[in-house]
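Nothing in this text is a laboratory measurement; each read-out follows from the coordinates by a stated rule. What you see is a predicted model; the values in this text were computed from it and never measured. All Cβ positions, glycine included, derive from the backbone under ideal geometry; neighbour counts span all protein chains shown.
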Amino acid sequence: MLIATTIAVMAVGAAPAAAKQWQVRMVNAGPTGMSAFVPAFLVVAPGDTVKYVAVDKGHNAEAMPTMIPAGATAFKGKTDEEIEVTFTTPGLYGIKCKPHVSMGMVGLIEVKDASNKAELTAIAEKLPPLAKKTMTGLLAQAK
Ligand SMILES: [Cu+2]
């Protein structure tokens, strides 16, 4: 809690401007040719908003309830729904597309703190093989 507060204060001090809005595109053919979130890994500041854009049909974005920081609330977009999520609790958030998680369509948002990395890494072991592979690669980028 103390760490979270400190980080939030630092972020405000470093960036007095308004919170940023980021975009993650939901597409049928990402960098590997499979359905994907693009970018799949994003580092944002507390208070920033991420908009999930339905570039192609048939995708959704939802947080995996076991892969979010303690105290954070999971969100769940409907298929083809473009949602804007404001991330306030620092930590890592594992995201999936429900129809395509078994094809590896997962994403990772880091809200300026990766202190729950070990937890998410353990849970990623239980994802379907392609989702596990993608998520493990994403987690390797989180510091
Ligand atoms: Cu999808």
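Numbers at a glance
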quantity	calculated
Filter pass, Met105 being within 16 Å of the ligand (Cβ to nearest atom) and surrounded by fewer than 22 Cβ atoms within 10 Å (Cβ to Cβ)	no
Scan of the range 23-59 for residues that are surrounded by 21 or more Cβ atoms within 10 Å (Cβ to Cβ), within 11 Å of the ligand (Cβ to nearest atom) and within 12 Å of Met105 (Cα to Cα), ordered by number	Met26, Ala36, Phe37, His59
Pair list, Cβ under 6 Å, 6 or more apart: the range 85-101 residue touching a residue at least 24 places away in the same chain (Cβ under 8 Å) and assigned to a loop (DSSP other than H, G, I, E, B), other residue surrounded by fewer than 24 Cβ atoms within 10 Å (Cβ to Cβ) and among the basic types (Lys, Arg)	Pro90/Lys112
Candidate set from the range 60-84 (those that are without any contact (Cβ under 8 Å) to a residue 24 or more places away in the chain and under 21 Å from Gly30 (Cα atoms)); member that is nearest to the ligand (Cβ to nearest atom)	Thr79
Total residues in the range 67-84, condition in a loop (DSSP other than H, G, I, E, B), in contact with a Gly (Cβ under 9 Å, 6 or more places away or on another chain) and farther than 16 Å from Glu119 by Cβ	2
Yes/no for Pro128 being within 16 Å of the ligand (Cβ to nearest atom) and out of contact with any His (no Cβ under 7 Å at 6 or more places or on another chain)	yes
Residues satisfying the stated conditions in the range 61-113, i.e. under 18 Å from Pro39 (Cα atoms), of a type in the set (S, T, N, Q) and touching a Leu at 6+ places or on another chain (Cβ under 7 Å)	none
Subset of the range 122-135 [over 13 Å from Met67 (Cα atoms) and either of a type in the set (S, T, N, Q) or touching an Asp or Glu at 6+ places or on another chain (Cβ under 9 Å) (or both)]	Thr134
